[in-house]
Amino acid sequence: MKKRILAALLSSAMVVTLLAGCGSSADTAADANAGSSDSAATESTAAAGTKVGVSMPTKDLQRWNQDGANMEAELKAAGFEVDLQYASNDVQTQVSQVENMISSGANVLVIAAIEGSSLGEALDMAKEANIPVIAYDRLIMNSDAVSYYATFDNYKVGTVQGTYVKDTLDLDNAAGPFNIEFTAGDPGDNNAGFFFNGAYDVLKPYIESGKLNVVSGQKTFEEVATPTWATETAQSRAENILSSYYADGTNIDVWLCSNDSTALGVENALAANYNGTYPIITGQDCDIENTKNMIAGKQSMSVFKDTRTLASQVVKMVGQILNGQTVDVNDTTTYDNGFKVVPSFLCEPVFADANNYKEILIDSGYYTEDQLK
Ligand code: BGC
């Protein structure tokens, strides 16, 4: 195993130059945070037979299909062989798939974990075989096998959502009080806490002063979390809240949802169980269904995380690792996985709503106009 890896590492010293990403290899953190994807971006050719294993959590959610497809296309364009697998949101399936990638000769692994802490055996195997692991979008927890982390600035995703609510309600000036509910993500996903905390930190002063009233009283992450980010789970919790706290005609002004799959559940629940003034609803990912809802006025905003940008950054990291080059990172303090602070590259999330979606989603080629009809 070691010989094979060494051979691959040596031959991939021929991997030429850099790949496009959130920023160039010479970028400062500030440049990279500006999301520059063009300067100094070049191509890469991989040594023949250099293989990258890409493990994605599920095909059920649009974003992971896009992430997987973008990674595969970019890696292939750079000359790598790609072993792309989706794990049906089943942890054991993901573990087996990663183990198979290792035994069939992957030189680098890129893993978007279903559950950050549950990849133990597969990671031990990767470490044993000296295979570098890049945590993709979600941090892999409690392991020293993870070499790098590439994601979007997860806390910032939450602050963009919270700031949108603050500005739209003009919380500093309006008399209020306004009613709000929260729906957060999967407790097994390290990102979920960052999203929730980012939003909550912006809104906390107004909750404490009484200008924002959490009518259900559910305001800790544990109370508002949605296991596996499931739309149905978010929907049934929203239905319970609506029937328990809003059936008497109380208006809900804001439903702060951490992402689009949970926002969809809340939107379904509202459609069937609520007749009051339609609330502000936040989201994340700009999934097609949610973007259509934004256009139709059923969701106020989403946070756009361009999966092409993240894929480019990761492909660049793969090339740098295999070339023995310095790997671009722009954050070395935030992402402690319980074992170490994992050097990270954070791409910049972008605010999206019904006013700018054409520019950021259609003009950029992310969606066609037809897909949003
Ligand atoms: C991702 C989000 C996504 C969520 C559900 C998170 O880890 O960062 O973009 O909406 O998982 O799949």
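Quick note: the coordinates plus some simple rules give every number you see, no bench work behind them. All of these numbers come straight from a predicted model, not from anything done at the bench. In this analysis, Cβ positions are derived from the backbone assuming ideal geometry, glycine residues included, and neighbour counts consider all displayed protein chains.
Here the relative contact order of the chain, from alpha carbon pairs under 8 Å that lie six or more residues apart, stands at 19 percent.
Couplings 3J(HN,Hα) of the range 198-208, computed from phi: x, 6, 5, 4, 5, 8, 3, x, 6, 5, 5 Hz, in residue order, whole Hz [Karplus 6.51 cos²θ - 1.76 cosθ + 1.60, θ = phi - 60°; x for Gly and Pro]. Spatially, the range 64-123 and the range 239-253 are offset by 42 Å when compared through their Cα centroids. Between the Cα long axis of helix 62-77 and the first principal axis of the chain there is an angle of about 20°, rounded to the nearest 10.
Taking amide H positions as modeled 1.01 Å from N, with prolines and chain starts lacking one, the residues under 5 Å from I281 and 5 or more places away or on another chain are W255, S300, M301.
Sequentially through the range 94-105, phi angles give Karplus couplings (6.51, -1.76, 1.60; θ = phi - 60°) of 5, 4, 5, 4, 5, 4, 5, 4, 5, 5, 9, x Hz, Gly and Pro residues having no value and appearing as x. Only helical runs count toward this figure. For the chain, summing -39,500 (n - 2.57) over DSSP H runs of n ≥ 4 and dividing by all residues gives -12000 deg cm²/dmol at 222 nm. Would you mind classifying the range 121-172 by shape? Square roots of the alpha carbon gyration tensor eigenvalues, ordered a ≥ b ≥ c; an a/c under 1.5 is rounded, otherwise it is prolate if a/b is larger than b/c and oblate if not. Note, shape of the range 121-172 comes out prolate.
Of the residues F339, F182, F196, the one that moves most in a GNM of the chain with alpha-carbon contacts below 10 Å is F339. Anisotropy class assigned to the range 60-136 is oblate, per the alpha carbon gyration tensor with a/c at or over the 1.5 cut-off and a/b no larger than b/c.
What order do you get for 217-229, 145-157, 57-69 when each peptide is scored by the mean count of other beta carbon atoms within 10 Å, highest first? Don't skip to the end; give the middle numbers.
Numbers: 217-229: 17.1, 145-157: 23.8, 57-69: 19.4.
Going by the mean number of other Cβ atoms within 10 Å, highest first, we get 145-157, 57-69, 217-229.
Taking the longest Cα principal axis of the chain as reference, the axis of helix 154-169 is set at about 20 degrees.
Where the alpha-carbon atoms of the chain are placed on the principal axes, they occupy 70, 40, 38 Å, in descending order. The H on the amide N of C347, modeled in the peptide plane, is under 5 Å from the matching H of T151, F152, D153, each at least 5 residues off or on a different chain.
Put a plus charge on the Cβ of each Lys and Arg, a minus charge on the Cβ of each Asp and Glu, and nothing anywhere else: the dipole of the chain about its Cα centre is then about 640 debye. For D370, the shell of other residues with beta-carbons less than 14 Å away shows a net charge of +2, using +1 for Lys and Arg and -1 for Asp and Glu. Using only Cα coordinates, the Kirkwood hydrodynamic radius of the range 307-353 works out to 12.1 Å. Here the 3J(HN,Hα) profile of the range 108-123, calculated from phi with Karplus coefficients 6.51, -1.76 and 1.60 at θ = phi - 60°, is 9, 10, 10, 10, 9, 6, 6, 10, x, 9, 10, 9, x, 4, 5, 5 Hz, Gly and Pro shown as x.
Near the amide H of G49, within less than 5 Å, lie the amide hydrogens of E81, all on another chain or at least 5 residues away, with H placed in the peptide plane.
Pull out a ≥ b ≥ c, the square roots of the eigenvalues of the alpha-carbon gyration tensor of the range 183-302, then state rounded if a/c is under 1.5, prolate if not and a/b is larger than b/c, and oblate in the remaining case. Walk me through the numbers on the way to the answer.
Numbers: a/c = 1.33, a/b = 1.02, b/c = 1.31.
Verdict is rounded for the range 183-302.
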